[in-house]
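Trainee: Shown below is the structure under consideration.
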Amino acid sequence: MRIILLGPPGAGKGTQAEKLAAHLNIPKISTGDMLRAAVSEGTDLGRQAQEYMDSGKLVPDAVIIDLVENRVSAPDCKNGCLLDGFPRTLVQAKALDRAGIDLDYVVELVVDDEEIVQRMSGRLSHPGSGRSYHKIFNPPKVEWVDDITGDPLVQREDDKEETVRHRLHVYHKQTAPMVEFYRGLSTDCPKFVEVQGVGKVDEVFERILSELNI
Ligand code: ADP
Ligand code: ADP
């Protein structure tokens, strides 16, 4: 089963991807997490990506496409995978198609901009895994501590309100046309489903599951 999760920054993609990947027993592939790991390791990729990420711009398509094509051909993806945060442009979506990486579902999480700005001000992230929490809506068991590893949590540099607003602008300009592309496909595969991302995390998860034929 191959699924992509789409939606604006802060829609809850990472939160739902973690639950869904565990439920389906397939790996979660998050381009944002892969890029942040590259930045913290100081690799060539990290050096290329950092400036774009810090200012809330998209990393160039060619860099991202290479990264994802390599990752999805790894052995752990042979039974499928869940893509979180990729594709984000029409060029990326078409590259996925050209590479013969077929999809079963495209799930769009819908949340409005003001709710997102509010959410992002409370997001806490675990740098090692990409797990995210929220100070009020989805708190860790112990304040500022990851539930699974016990590592400290951080607030992402790009979650400042000004950068979040810029990322939302980038989303509406560069990613929304790609969502329209998937929405408009007349084939059954991939099946496009739209899910409201507002409400409790578990309620949103149930909504997603009810749309998938599993
Ligand atoms: P969020 O989950 O809040 O949407 P991500 O962690 O997915 O944010 O992405 C953080 C940053 O990484 C983006 O602002 C962008 O700079 C870069 N990035 C991640 N995925 C992609 C992608 N598919 N194409 C281009 N840039 C990307
Ligand atoms: P994305 O990967 O789409 O950027 P995240 O999964 O990191 O989004 O979620 C963004 C923030 O919103 C996090 O702080 C997360 O804990 C919180 N969040 C996720 N789902 C919900 C929800 N249903 N209601 C309220 N807050 C949520």
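Readers should treat all values here as calculations from the given coordinates under stated rules, not as data from a laboratory. None of the values given here were measured: they were computed from a predicted structure. A quick note on method: Cβ atoms are made from the backbone with ideal geometry, for glycine too, and the neighbour counts reach across all protein chains shown.
Trainee: Treat every Asp and Glu Cβ in the chain as -1 and every Lys and Arg Cβ as +1, leave all other atoms uncharged, and give the resulting dipole magnitude about the Cα centre to the nearest 20 debye. Show your work: numbers first, answer last.
Mentor: Details: 26 positive and 35 negative charges, 30 e Å.
Charge dipole, the chain, about its Cα centre: 140 debye, nearest 20.
Trainee: Moving to a separate point now. Computed over the Cα atoms, what is the radius of gyration of the range 31-78 divided by 2.2 N^0.38 Å, N being its residue count?
Mentor: 1.16
Trainee: Additional query: Among P87, G128, G42, whose Cα sits farthest toward the positive end of the charge dipole of the range 1-149 (+1 at Cβ of Lys/Arg, -1 at Cβ of Asp/Glu, about the Cα centre)?
Mentor: Sorting the options by dipole projection puts first G128.
Trainee: With n ≥ 4 as the cut-off for DSSP H runs, can you work out [θ] at 222 nm for the chain, using -39500 (n - 2.57) per run divided by the number of residues, rounded to the nearest 500? Don't jump to the answer; show the numbers that get you there.
Mentor: Values: 9 runs with 93 residues, N = 214.
It comes out at -13000 deg cm²/dmol, rounded to the nearest 500.
Trainee: What is the chain by shape, rounded, prolate or oblate, if you read a ≥ b ≥ c off the alpha carbon gyration tensor as root eigenvalues and call it rounded for a/c under 1.5, prolate for a/b larger than b/c, and oblate otherwise?
Mentor: The shape class here is rounded.
Trainee: Related question: Taking the simple approach of a point 7 Å from Cα along Cα-to-Cβ for both N70 and S186, what is their distance in nm?
Mentor: If labels sit at N70 and S186, their model points lie 4.0 nm apart.
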